[in-house]
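Comments concern the structure below.
Nothing in this text is a laboratory measurement; each read-out follows from the coordinates by a stated rule. For clarity, every value in this text was computed on a predicted model and none was experimentally measured. Note that we place each Cβ from the backbone using ideal geometry, even for glycine, and neighbour counts take in every protein chain shown.
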Amino acid sequence: MINYRLAIKSELTELKTFLFDHGQNPWNYLPVTGVDHEFNLVSQEKASILLAIDGEQMAGFAIFYHPEVLPNQYLQYSNQQLAIYIAEVVIHRQLAGQGIGHKLLSLIIEQAPDFGASLLLIDRHEENLASAGMMRKAGFAELRTFVDLERRDYGSRKTTVMAYQLS
C-alpha cells in the first residue's frame, strides 16, 4: 500500500538523488542549478514536496511551489489568480504506470485551497505522452504549446503548459 505525506527537510538530499536517478530522461529538463533552486524553496518553506512511499521504498514525489513564488513565466497564465506551480513529478522507474503520479497531482489539487490557490499550473515536453496522460487524468487542460529551445533539446523542442482550475 502506498502512503502519501509531505517531506521533511532531513530528506531533501535523498530526494534530490532520487530525482536525478529516476527523473532523467530525454523529456525532462533537470539542470543542477534549477533543481538546487527548487530544493532551496522547499528549505525556505516556499515550496513543498509530496511523497509517495511504498512500504520502506520511495515510490515518487511531486514538488510544488506555493503561490507567492509562482515563477514569472507562469504569471501570464494565472489571470491574477493565486496559483500553485507543480515543478516536478517523478516516479520510481519500476513503479511507473501504476497511478502514483495521478494520485500525487490529485492530492496537490486537494491541498491547493489551503494555500489560497484557485489555479494549478504544470508543464511538460509536448511529446511526453506518459506525462500528458497523467495530467489529463488528473483533470489538467492544455493552455498553450510553444517552442522552448532553452529547456528542450529533444524531439519537437516544445513545452505544453496545462492548468487545473478549482471551482
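Once backbone amide H atoms are built at 1.01 Å from N, residue 88 has 63 as its partners under 5 Å, excluding neighbours fewer than 5 places away on the same chain. Loop sites here are GluC sites (Glu not before Pro) outside DSSP states H, G, I, E and B with no more than 11 other Cβ atoms within 10 Å. The longest part of the chain free of them is 57-149.
Just want the ordering: 58, 135, from fewest to most Cβ atoms lying within 10 Å of their own Cβ.
Lowest count first: 58, 135.
Quick one: plug the Kirkwood hydrodynamic radius of the chain (C-alpha pairs) into Stokes-Einstein at 25 °C, 0.890 mPa s, and report D in µm²/s. Kindly include the intermediate steps, with their values, before the conclusion.
Details: Rh = 16.0 Å.
Taking Rh from Cα pairs, D becomes 154 µm²/s.
Against the empirical 2.2 N^0.38 Å (N residues), the stretch 33-118 has a Cα radius of gyration ratio of 1.13.
If R0 is taken as 25 Å, the Cβ-Cβ distance between residue 94 and residue 10 corresponds to a FRET efficiency of 0.50.
For the stretch 78-132, take the alpha-carbon Rg, divide it by the Kirkwood Rh, and send me Rg/Rh. Mind showing how you got there, number by number?
Numbers: Rg = 12.6 Å, Rh = 12.5 Å.
Radius of gyration over Kirkwood radius for the stretch 78-132 works out to 1.01.
Between the alpha-carbon centres of the stretch 27-58 and the stretch 99-159 there is a gap of 16 Å. For the stretch 116-151, backbone nitrogen atoms closer than 19 Å to the point 7 Å from residue 45 Cα along Cα-to-C-beta are found at 116-117. Counting Lys and Arg as +1 and Asp and Glu as -1 over every other residue whose Cβ lies under 13 Å from the Cβ of residue 150, the net charge comes to +1.
For residue 47, the residues whose modelled amide H falls within less than 5 Å of its own, excluding neighbours fewer than 5 places apart on the same chain, are 42, 66. Between the listed residues 77, 94, 145, the Cα displaced farthest toward the positive end of the dipole of the chain, a dipole computed from Cβ unit charges relative to the Cα centre, is found at 145.
Calculate, for residue 57 and residue 145, the FRET efficiency according to 1/(1 + (r/R0)^6) with r their C-beta to C-beta distance and R0 35 Å; round to the nearest 0.05. Spell out each step's value before the answer.
Details: r = 35 Å, r/R0 = 1.00.
Here the calculated transfer efficiency is 0.50.
Amide hydrogen proximity for residue 148: with H placed 1.01 Å from N in the peptide plane, the residues at 5 or more positions away or on another chain lying under 5 Å are 158, 159.
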